[in-house]
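A short worksheet on the structure shown next.
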Amino acid sequence: MRASPPITNIYCKHRLIHMSDTTEKIKELLPIEEVIGGYIKLQKAGGNFKGLCPFHNEKTPSLHISPDRGSYYCFGCGENGDIFSFVEQFEGVDFVGALKILADKAHVPIEWQEQGSGNKNDRLRKVMHDATRFYEKVLVKVPKALEYIEKRGIANDTVTSFRIGYAPNSWRMLFDWLTKNGYTKEEVEQAGLIKAGPSGFYDRLRGRVIFPIFDVSGRPIAFSGRILPEHEQVEKAPAKYINSPETDLYNKSEVLYGFDRAKQEMREKDQCIVVEGQMDLVMSHQAGFKNTVALSGTALTLGQLTRIQRLTNTIVLAFDADGAGLRAASRSAEIALGLDMEVKVVALPDGSDPADVIIESESKWKDMIESAENIVLFYLHKTYDVTGVREKLRYAQSNVLPFIARIGNKVEQEHFVQVTSDTLGSTPDAVREEVQKIQFKLASGNNSEQTPVKESTVTPVRSRITTLEEQIAGIILSRKDDVELRQKCESIVDKERLKNLLESPKTEKYVYEVEQLYSPEVIADEAKNLLHNLEQEYLRKELEHITRSLREAEGRGEQARVDQLLAEHKTISQKIQH
Ligand SMILES: [Zn+2]
């Protein structure tokens, strides 16, 4: 265990923060490989670490992390920085947000100075925090809500941990309580908690079990309310679930319910289970499947899938077997396959959802997750239930082939073409042709809205001289105390050029490249080789220049100039080794 750090107070005036001491302290306490390793899988590479870059789509690791320098660099997309910039980028927060997350991790307390009413989003977070506490407090006083929760199989620990609450069946109880506690009507409205009606504002959620929805850092940003069964039985039944509207804190297409607490296990189990409802999620976590997240909308979005893919490449869809559930599953799967993810499907019994299965038997849920099938096979096997050859083909055409068409990996795609033709009693050629037709349709822009951006393969071409110069700069930067080396480099590389390189914003990249190429033991020898090669390249360049001038002088008939250039040409040629 690390010794606990001294308490540091940060007084944040204006929005400009000078707290280099604190950031340095946090950096000391949190090794970069631990922070980044908390988000993505890392493997050792010499004295460094590497992993799949979360900031661009890739299959081979290009993100390099240096514990010595406390920095990272991606050779694929050029992202680089320290733990703060990594958390900012990964969690989608600003510097202050990243500071909060990392300070918390390092157990370095931060004390914020209240300035007026504070930042607007901070106020919204406070309202949401207090509203969550209000709902939690109400729950324990409402026996029928507690009874319902118990009947659904949710244990007390789970209620506490997920901060489940109850919204009283009254028009303005939350509103009155919040305004009494210092919030303005505007703030409560902006948090999405009240709604304007003909006779003034009223609480949006009433008579419902409340599931707070948390952001990636575990702070409540929205609510989902489940109606109690007794209110369901009325003449004009209200919606089963009502969710908060989108607010400055809550972006429905980005947030996944449960993601904040599923991150760790998604990475460890290398799998993400996706369910449809809050109840399903809470029960799945309770049953030990902490790698479960739930949708807030209808299907997974590209944004949500990209977040998941930073942690694992496999999703297991456990959606209701009704029409809406299957449509959401298909849509989600199409986008995921486009990202080269593996998609599996849990076969839920007709008319039941994960929560029903789990309350009946946790081990049944476990079996179902373990026997989840690849989505192509899942739908292909459904053709067994379809009678008639032509009907089977038609079914496969609309339910199986669209998935095969989206698989990025050609080998994998071909495998499924074979399996499909075998199952349907067709030929691989015929299946392949149908798949290509779908691909053609997709490519012609029918589906542009959700087609993920593929990894760019275009890298700018660097000249050999530039490459050598950059490597030499990298060596100088990684051996700052080696005066002799520096002088040697200065004697060969153009002074101005070298200065530009050493002050370039890309210095991180140069150092990482050198580390990739040369181990510390050989670096001094390598520097000699590189300088020699560079010298030769300079000479070749000069020779090219002389040759060009020579041709021009000959064309103009300037004999004296020709003679002079020929002499120069000879001297330089002799210096160049072949
Ligand atoms: Zn990258």
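Would you mind finding the one in Ala131, Ala103 that is in a helix (DSSP H, G or I) and under 24 Å from Pro54 (Cβ atoms)?
Working: Ala131 fails: under 24 Å from Pro54 (Cβ atoms).
Of Ala131, Ala103, the one residue that is in a helix (DSSP H, G or I) and under 24 Å from Pro54 (Cβ atoms) is Ala103.
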Of all residues in the stretch 495-531 being within 13 Å of Arg479 (Cα to Cα) and hydrophobic (A, V, I, L, M, F, W, C), which is surrounded by the fewest Cβ atoms within 10 Å (Cβ to Cβ)? Val522
Quick check on the stretch 21-58: of everything there that is polar (S, T, N, Q) and under 19 Å from Gly78 (Cα atoms), which residue is farthest from the chain's Cα centre (by Cα)? Asn48
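Being modelled with pLDDT of 90 or more, in a loop (DSSP other than H, G, I, E, B) and of a type in the set (A, V, I, L, M): is that true of Leu174 here? Working first, answer last.
Details: modelled with pLDDT of 90 or more: yes; in a loop (DSSP other than H, G, I, E, B): no; of a type in the set (A, V, I, L, M): yes.
No: the conditions fail for Leu174.
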Quick one: is Thr571 among the polar types (S, T, N, Q), in a helix (DSSP H, G or I) and either open to solvent by 70 Å² or more (accessible area, probe 1.4 Å) or within 15 Å of Ile465 (Cα to Cα) (or both)? yes
Per the filter on the stretch 62-71, residues within 16 Å of the ligand (Cβ to nearest atom) and free of Cβ contacts under 8 Å to residues at least 40 places away in the same chain are Ser62, Leu63, Ile65
Are any of the residues in the stretch 312-335 out of contact with any Ser or Thr (no Cβ under 9 Å at 6 or more places or on another chain), among the charged types (D, E, K, R) and not assigned by TED's automatic domain parsing to the domain that holds Pro220? yes
crowded, with 21+ Cβ neighbours inside 10 Å and either among the polar types (S, T, N, Q) or assigned by TED's automatic domain parsing to the domain that holds Gly425 (or both): is that true of Ser363 in this structure? no
In the stretch 251-267, which residues are assigned to a loop (DSSP other than H, G, I, E, B) and open to solvent by less than 10 Å² (accessible area, probe 1.4 Å)? Leu256, Gly258
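Yes/no matrix, rows are residues, columns are (1) in a strand (DSSP E or B); (2) farther than 25 Å from Ala294 by Cβ; (3) not assigned by TED's automatic domain parsing to the domain that holds Gly277; (4) not aliphatic (A, V, I, L, M):
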{"site": "Gly182", "(1), (2), (3), (4)": "no, yes, yes, yes"}
{"site": "Gly192", "(1), (2), (3), (4)": "no, no, yes, yes"}
{"site": "Tyr202", "(1), (2), (3), (4)": "yes, yes, yes, yes"}
{"site": "Val209", "(1), (2), (3), (4)": "yes, no, yes, no"}
{"site": "Phe223", "(1), (2), (3), (4)": "yes, no, yes, yes"}
{"site": "Arg226", "(1), (2), (3), (4)": "yes, no, yes, yes"}
Hey, could you check the stretch 72-90 for residues that are more than 9 Å from the ligand (Cβ to nearest atom) and open to solvent by 50 Å² or more (accessible area, probe 1.4 Å) and say which is nearest to Thr507 (Cα to Cα)? Asn80
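Sort through Lys100, Lys105, Lys120, Lys59 and tell me the only one that's touching a residue at least 12 places away in the same chain (Cβ under 8 Å), within 16 Å of the ligand (Cβ to nearest atom), surrounded by fewer than 20 Cβ atoms within 10 Å (Cβ to Cβ) and under 30 Å from Thr306 (Cβ atoms).
Working: Lys100 fails: within 16 Å of the ligand (Cβ to nearest atom); Lys105 fails: within 16 Å of the ligand (Cβ to nearest atom); Lys120 fails: within 16 Å of the ligand (Cβ to nearest atom).
Exactly one residue qualifies, and that residue is Lys59.
Would you check if Phe211 is open to solvent by less than 30 Å² (accessible area, probe 1.4 Å), within 19 Å of the chain's Cα centre (by Cα) and in contact (Cβ under 8 Å) with a residue 24 or more places away in the chain?
On the way: open to solvent by less than 30 Å² (accessible area, probe 1.4 Å): yes; within 19 Å of the chain's Cα centre (by Cα): no; in contact (Cβ under 8 Å) with a residue 24 or more places away in the chain: yes.
Judged against the criteria, Phe211 is not a match.
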Residue under question is Gln278, and the condition is that it be outside the structural domain of Arg406 (by TED's automatic domain parsing), buried (at least 21 other Cβ atoms within 10 Å of the Cβ), in contact (Cβ under 8 Å) with a residue 40 or more places away in the chain and farther than 23 Å from Asn409 by Cα; does it hold? yes
Taking Tyr135 as the residue in question, decide whether it is open to solvent by less than 50 Å² (accessible area, probe 1.4 Å), of a type in the set (Ser, Thr, Tyr), modelled with pLDDT of 85 or more and farther than 24 Å from Leu281 by Cα. no
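Of the residues that sit in the stretch 468-494 and are of a type in the set (S, T, N, Q) and open to solvent by 40 Å² or more (accessible area, probe 1.4 Å), which one is farthest from Gly47 (Cα to Cα)?
Let us first name the residues in the stretch 468-494 that are of a type in the set (S, T, N, Q), namely 471, 478, 487, 491.
Retained after the next criterion (residues that are open to solvent by 40 Å² or more (accessible area, probe 1.4 Å)): 478, 487, 491.
On the way: Ser478: 14, Gln487: 28, Ser491: 31 Å.
My answer is Ser491.
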A careful count of residues in the stretch 304-326 that are at pLDDT 85 or above and not hydroxyl-bearing (Ser, Thr, Tyr) gives 9
Can you name the residue in the stretch 537-568 that is of a type in the set (D, E, K, R) and in contact (Cβ under 8 Å) with a residue 40 or more places away in the chain and is also surrounded by the fewest Cβ atoms within 10 Å (Cβ to Cβ) among such residues? Lys541
Note: among Pro238, Pro245, just one is part of a loop (DSSP other than H, G, I, E, B) and touching a residue at least 40 places away in the same chain (Cβ under 8 Å), namely Pro245
Could you list, in sequence order, the residues of the stretch 18-49 that are free of Cβ contacts under 8 Å to residues at least 24 places away in the same chain, within 16 Å of the ligand (Cβ to nearest atom) and either closer than 23 Å to Ile101 by Cα or open to solvent by less than 20 Å² (accessible area, probe 1.4 Å) (or both)? Leu42, Phe49
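Taking the stretch 142-200 as the search range and keeping residues that are of a type in the set (S, T, N, Q) and over 32 Å from the mean Cα position of the chain (by Cα), which one is surrounded by the fewest Cβ atoms within 10 Å (Cβ to Cβ)? Write out each step before concluding.
The first filter runs over the stretch 142-200 and keeps only residues of a type in the set (S, T, N, Q), leaving 156, 158, 160-161, 169-170, 179, 181, 184, 190, 199.
Imposing the further condition that a residue be over 32 Å from the mean Cα position of the chain (by Cα) reduces the set to 156, 169-170, 179, 181, 184, 199.
Values: Asn156: 10, Asn169: 15, Ser170: 14, Thr179: 16, Asn181: 11, Thr184: 13, Ser199: 7.
Ranking the candidates gives Ser199 first.
At pLDDT below 90 and open to solvent by less than 30 Å² (accessible area, probe 1.4 Å): is that true of Leu534 in this structure? Before the answer, list the steps.
On the way: at pLDDT below 90: yes; open to solvent by less than 30 Å² (accessible area, probe 1.4 Å): yes.
When the stated conditions are applied, Leu534 passes them.
The values are calculated or read from the model by the stated rules, or taken from the named source; none is laboratory data. These numbers were taken from a predicted model, which means no experiment stands behind them. A quick note on method: Cβ atoms are made from the backbone with ideal geometry, for glycine too, and the neighbour counts reach across all protein chains shown. Note: accessible area is taken over every heavy atom of the protein model, side chains too, but ligands, DNA and RNA are not part of it. Shrake-Rupley method; radii C 1.70, N 1.55, O 1.52, S 1.80 Å.
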